[in-house]
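Throughout, read-outs are computed from the coordinates displayed, never taken from laboratory work. Computed from a prediction, not measured in an experiment: that's the story for all the values here. Please note: Cβ atoms are built from the backbone with ideal geometry, for glycine as well, and neighbour counts cover all protein chains shown.
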Amino acid sequence: MTIIVFSRRLGMSRLFLIIVTVGVVVTLDFRYHGNKEMEHYLLRVNASNPDIAHLYSIGRSVAGQELWVLALGQSSRRHTVGIPEFKYVANMHGNEVVGRELLLHLTDDLVRGYRGNKTWSVRILNSTRVHFLPTMNPDGFDQADTSCYLGQGRFNRNGVDLNRNFPDAFAERRNSEEAGREAEVRAVMGWLRTETFVLSANLHGGALVASYAYDNSDGGGELVGGASLTPDDDVFVHLAKVYSHNHANMRQGEPCGDQPPFRDGITNGYRWYPLAGGMQDYNYVWAQCLEVTLEVSCCKFPPADRLPVLWTDNRKSLLAFMRQIHLGVKGRVLDGSGAAAPNAAVEVTGRHNIRPFKTDKRGEYYRLLLPGNYTFTVTFPGHEILTESFWVPYGPDGYSALTHDFLLRRIEPSSARPSSPGWALGLTLALLGTVG
């Protein structure tokens with residue numbers, strides 16, 4: 001069925017007239033799509049797939065361009081309890097362009113798979129709500145040249161590197177405010193407060209490696225052998241390897257130009273080079289979302305005829321990484337009356353995070369963990385501290401983490417019986433006075 005859709009861009013009077021066919025996948029070719037072309041493509045996918053697609057804007061760039069996000073899933077318009085939120089972000093550096101095309105083709109692949117009733121696509125979109133931000137820096141893209149290395153367009157319109165503009169996990173532990181941040185960074189920070197993201201990756205170019213937190217350090221106990229390790233280092237290493245080992249070439253660790261080789265195609269960010277104000281550390285510390293940085297091509301702006309090969313090289317990795325959102329355990333924390341307990345701390349013994357992982361406004365928690373036996377401690381005001389130990393299996397193969405709810409007990413008020421010797425003597429005398 002063909003319908004005509006009018007779509008008004010947020011905050012603008014201009015209207016786009018789009019003719020779409022409901023339930024039919026929009027054709028996408030292999031070439032670089034400008035910002036307007038990308039916008040039109042996302043609008044068409046959104047309009048033709050209203051049952052699984054929801055297009056929204058998280059804000060605007062310095063030059064006023066919309067930062068469009070396409071959400072895909074069985075419940076694409078809103079969060080569903082028990083369904084984790086996943087995101088891919090690309091083109092943070094405007095001249096690193098492969099990621100934006102990969103996300104467009106991943107969109108095409110997922111929608112086509114869902115419409116064709118392909119098991120892999122149906123299971124992903126039925127178990128996960130995925131969000132794609134194809135360009136975080138549309139202004140930089142507009143200025144980019146086609147250099148493989150040090151081309152223009154890296155920065156935003158104000159000449160700022162967006163991957164150095166987030167509150168730093170170590171230098172600014174008490175400052176997560178948006179004041180002084182670039183428009184694009186403020187938009188992402190606001191986005192992270194809106195959705196409870198569990199797993200994420202941001203796509204870059206100029207190397208071929210999966211890099212994981214921390215990117216920075218303050219010289220504390222996180223420094224181990226030249227790396228800056230998070231309490232969840234085992235999970236981060238696993239996530240990075242999932243991408244590199246499913247990639248056509250990344251796991252070989254071959255360097256790009258004069259870069260060092262990367263064993264297994266992965267690296268701790270700090271070991272590679274220290275980076276303050278990075279997005280992946282901010283995601284982990286301030287939004288309890290585990291994010292990995294994916295460098296997906298040696299050349300930042302390769303010729304367009306390389307795009308089919310780059311898509312083939314990365315497709316399996318992109319899909320495999322998304323499934324890792326089902327690692328570990330998820331559930332709700334319920335208070336003594338059985339209601340959701342928001343902002344309850346859910347901590348894992350042996351994993352002391354800079355900021356404790358806490359439940360969201362629905363009392364939900366998600367904890368990415370490798371298979372094993374873990375002890376959890378849950379704290380919530382007015383309730384007894386709860387400690388439980390249990391086995392966590394491997395969930396990605398079944399597209400679901402273990403579900404485990406924590407049921408809290410209120411602290412009962414202690415009986416108000418005084419315990420001073422004076423009280424005891426007074427009671428004794430009173431009793432004697434009643435005898436006879």
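Below, the figures for the structure above:
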read-out	value
Loop trypsin sites (Lys or Arg not before Pro), the range 122-218 (other Cβ atoms within 10 Å of the site Cβ: 11 or fewer; DSSP)	Arg174
Cleavage-rule hits, trypsin sites (Lys or Arg not before Pro), the range 37-102, DSSP coil, Cβ neighbours within 10 Å at most 13	Arg77, Arg78
Cysteines in the chain that, by Cβ-Cβ distance, have no pairing candidate under 4.7 Å	Cys289
Alpha carbon Rg of the chain, scaled by the compact-globule rule 2.2 N^0.38 Å	1.15
Stokes-Einstein D (µm²/s) once Rh is taken as the Kirkwood radius of the range 329-407 over alpha-carbon pairs, at 20 °C in 1.002 mPa s	167 µm²/s
Calculated from backbone phi, Karplus (6.51, -1.76, 1.60) coupling profile of the range 199-213 in Hz, x at Gly/Pro	9, 7, 8, 10, 9, 10, x, x, 7, 9, 6, 9, 10, 10, 5
Sparse-neighbour loop sites [chymotrypsin sites (Phe, Trp or Tyr not before Pro); the range 94-195; at most 14 other C-beta within 10 Å; DSSP]	Tyr149
Acute angle (nearest 10 degrees) that the helix 421-433 long axis makes with the longest principal axis of the chain, alpha-carbon atoms	40 degrees
Sum of side-chain charges, Arg157 neighbourhood, beta-carbon under 13 Å (Lys, Arg +1; Asp, Glu -1)	-3
Acute angle (nearest 10 degrees) that the helix 183-194 long axis makes with the longest principal axis of the chain, alpha-carbon atoms	40 degrees
